[in-house]
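The block underneath contains the structure these notes are about, expressed in structure tokens.
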Amino acid sequence: MSDWLPRLIASDMDGTLLRSDESVSSDTVAELELWRERGVPVVPATGRPPRWMHGIREVLRYGTAVCCNGAVLLDLEPMEILDEDPLEPAALQAITAGLRAHRPSMWFAVEYGWEFRHEPVYRPRWDVDAPGVAAASLEEVTATPAAKLLARHESMTRDDFVRLVEDVVGDRGTVTNSSTDALAEISAPGVTKASGLAKVAARYGVGPEDVVVFGDMPNDIAAFEWVRAGGGRAVAMAHAHADLLAVATDVTGGNDDEGVAAFLASLRS
């Protein structure tokens with residue numbers, strides 16, 4: 001694959017494309033522009049909701065982003081949602097009831113894309129007083145289709161908690177994690193970054209064999225497996241979670257060392 005070049009570049013944001021201060025370095029911006037000038041689209045693929053995408057829009061300006069772990073496709077230029085695969089209220093209610101029966105101390109929130117609702121006991125780590133963020137009862141939280149259901153526990157370890165959620169949710173949803181907290185992210189069945197990227201790639205007439213994807217957390221595993229199985233490149237950051245490193249085809253430097261830009265530059269040399 002020494003002469004292999006991508007026809008689509010996909011990258012996670014936090015811990016991957018973004019540095020620790022949530023900025024994108026000028027060298028990384030320049031490298032991405034070189035590829036875009038060649039007609040290669042750059043696709044952010046993130047667990048972030050659309051309301052958290054304004055900063056990356058200032059950098060990339062246009063293109064399609066995969067948000068909410070594949071549940072939402074966002075047109076960056078007008079900041080408009082193109083497609084959604086939400087969890088329906090019946091599924092939200094069944095999943096939350098099942099989880100709470102196993103752990104009454106589990107707390108819930110939902111991402112609608114532009115808005116965020118959480119139970120009063122749930123402790124948001126970000127956007128505590130931001131517009132569109134509000135507390136609500138679990139009945140209210142689960143009454144509307146949601147891009148992503150969040151389940152949090154304040155005392156369990158991350159891995160133990162995510163395993164518990166996976167066991168209880170079963171095939172009613174897709175469970176993943178992208179933080180160091182005991183926070184499980186639950187999407188509709190079959191909805192992953194891979195499903196979102198496949199939709200975007202199809203719009204460009206690109207298959208997984210022509211995709212390079214960068215990531216660092218378990219919510220990138222599905223995208224890595226999709227690309228790797230098709231013959232593309234799945235590139236983990238040096239600090240990536242062990243489960244992601246296990247399915248990577250390549251490893252690059254960390255996000256603060258501009259690992260994405262370095263790997264892309266190596267493909268051109």
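The values are calculated or read from the model by the stated rules, or taken from the named source; none is laboratory data. Everything numeric here is computed off the predicted structure, so don't read it as measured data. We place every Cβ from the backbone using ideal geometry, glycine too, and count neighbours over all the protein chains shown.
In a residue-by-residue description of the stretch 225-232, the property of being farther than 21 Å from TRP35 by Cα, of a type in the set (A, V, I, L, M, F, W, C) and not in a loop (DSSP other than H, G, I, E, B) applies to at least one position. Number of residues in the stretch 136-174 that are free of Cβ contacts under 8 Å to residues at least 24 places away in the same chain, in contact with a Lys or Arg (Cβ under 9 Å, 6 or more places away or on another chain) and either polar (S, T, N, Q) or crowded, with 21+ Cβ neighbours inside 10 Å (or both) equals 1.
Would you call VAL206 in the same structural domain as PRO41 (by TED's automatic domain parsing), farther than 14 Å from ASN69 by Cβ, hydrophobic (A, V, I, L, M, F, W, C) and touching a residue at least 12 places away in the same chain (Cβ under 8 Å)? So VAL206 fits the description; yes.
Restricting the search to the stretch 80-119, which residues are closer than 17 Å to VAL191 by Cβ, more than 19 Å from the chain's Cα centre (by Cα) and not in a loop (DSSP other than H, G, I, E, B)? Even if it seems obvious, please write down each step before you answer.
First pass over the stretch 80-119, keeping only residues closer than 17 Å to VAL191 by Cβ: 81-92, 94-95, 110-113.
Now narrow it down to the ones that are more than 19 Å from the chain's Cα centre (by Cα): 88-92, 94-95.
PRO89, ALA90, ALA91, LEU92, ALA94, ILE95, listed by residue number.
If you go through the stretch 69-76 one residue at a time, do you hit one that is over 22 Å from GLY215 (Cβ atoms), surrounded by fewer than 23 Cβ atoms within 10 Å (Cβ to Cβ) and either basic (Lys, Arg) or in contact with a strand residue (DSSP E or B) (Cβ under 7 Å, 6 or more places away or on another chain) (or both)? Yes; the residues of the stretch 69-76 include at least one that is over 22 Å from GLY215 (Cβ atoms), surrounded by fewer than 23 Cβ atoms within 10 Å (Cβ to Cβ) and either basic (Lys, Arg) or in contact with a strand residue (DSSP E or B) (Cβ under 7 Å, 6 or more places away or on another chain) (or both).
Okay, residues lined up against (1) modelled with pLDDT of 95 or more; (2) part of a loop (DSSP other than H, G, I, E, B); (3) under 20 Å from ALA109 (Cβ atoms):
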residue: GLU154; (1), (2), (3): no, yes, yes
residue: ASP159; (1), (2), (3): no, no, no
residue: LEU164; (1), (2), (3): yes, no, yes
residue: ASP167; (1), (2), (3): yes, no, no
residue: SER178; (1), (2), (3): no, yes, yes
residue: GLU185; (1), (2), (3): yes, no, yes
residue: VAL191; (1), (2), (3): yes, yes, yes
residue: LEU197; (1), (2), (3): yes, no, no
residue: ALA201; (1), (2), (3): yes, no, no
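Within the stretch 229-248, the set of residues being touching a helix residue (DSSP H, G or I) at 6+ places or on another chain (Cβ under 8 Å) and free of Cβ contacts under 8 Å to residues at least 24 places away in the same chain comprises ALA229, GLY230, GLY231, ALA234, ALA236, ALA238.
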